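Here the structure comes first, spelled out in structure tokens, and everything after it is commentary.
The values are calculated or read from the model by the stated rules, or taken from the named source; none is laboratory data. All of these numbers come straight from a predicted model, not from anything done at the bench. Because the Cβ atoms are built from the backbone with ideal geometry, glycine has one as well, and the counts that use them run over all protein chains shown. Quick note on the areas: whole protein, heavy atoms, side chains included, nothing else; ligands and nucleic acids left out. Shrake-Rupley method; radii C 1.70, N 1.55, O 1.52, S 1.80 Å.
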Amino acid sequence: MVKFINILTLMRVFLAFFIFIGIVYGYYSLALFLFIFAGVSDYFDGHLARKFNATSEIGEILDPFADKILIVFTIIALAISLSSYVIGFIGSIIISREIWVSVLRDFNSRNNNTNATKVTFIAKVKTSVQLFSLFIYLLGLSMDVMLLIVLGDVFLVLALLTTVFSGFEYTINSFKKNT
């Protein structure tokens, strides 16, 4: 079961490539379908891992990595497709936060402080808001409803705020003195 769950997780990494191609070449409905499929696989790999107690160390590492790859590929493709400096700038901040948190995790691992960067509730909210905002963009593009693109911008700003806040939270936890 662990292998199947990890394959589901890795599938999101490969789907990110096809979503990117779909967006850049204007196959928005296909990209939307693949994005939804990737989101469903994200739900099921976590659900199955918990239900069958089939977690693994590699799975715990791969799952957030797959989410990040999916988000990064999609946001970059949307910035290109929509020629949007806003999406590009916000995407750059989101990517920078992900790199920073990876640095913090490495730092904390070397200092036996891994609890400082354990996944928090706000980090799960961050990922959900990021994925939802990208879904709104893809829905707007596939239905050719530009009002949804504006709504996507609003949700992307919310995603930015939760992203920065969770990165700040990890930073504080990493450098506060254990008392």
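What to note about this one:
- Test: residue in the stretch 101-120 that is in contact with a Ser or Thr (Cβ under 8 Å, 6 or more places away or on another chain), in a helix (DSSP H, G or I) and without any contact (Cβ under 8 Å) to a residue 40 or more places away in the chain: yes
- Residue in the stretch 67-88 that is open to solvent by less than 90 Å² (accessible area, probe 1.4 Å), of a type in the set (D, E, K, R) and in contact with a Gly (Cβ under 9 Å, 6 or more places away or on another chain) present: no
- Meets criteria (surrounded by fewer than 21 Cβ atoms within 10 Å (Cβ to Cβ), touching a residue at least 60 places away in the same chain (Cβ under 8 Å) and of a type in the set (S, T, N, Q)) for SER92: no
- Selection within the stretch 158-179 - of a type in the set (A, V, I, L, M, F, W, C) and surrounded by 18 or more Cβ atoms within 10 Å (Cβ to Cβ): ALA159, LEU160
- Whichever residue in the stretch 125-157 is under 30 Å from SER109 (Cα atoms) and free of Cβ contacts under 8 Å to residues at least 60 places away in the same chain and, among such residues, is surrounded by the fewest Cβ atoms within 10 Å (Cβ to Cβ): SER128
- Within the stretch 21-61, the set of residues being at pLDDT 95 or above, open to solvent by 30 Å² or more (accessible area, probe 1.4 Å) and within 14 Å of the chain's Cα centre (by Cα) comprises ILE36 only.
- Restricted to the stretch 1-20, and to residues there that are over 30 Å from ASN53 (Cβ atoms) and aromatic (Phe, Trp, Tyr), the residue that is surrounded by the fewest Cβ atoms within 10 Å (Cβ to Cβ) is PHE17.
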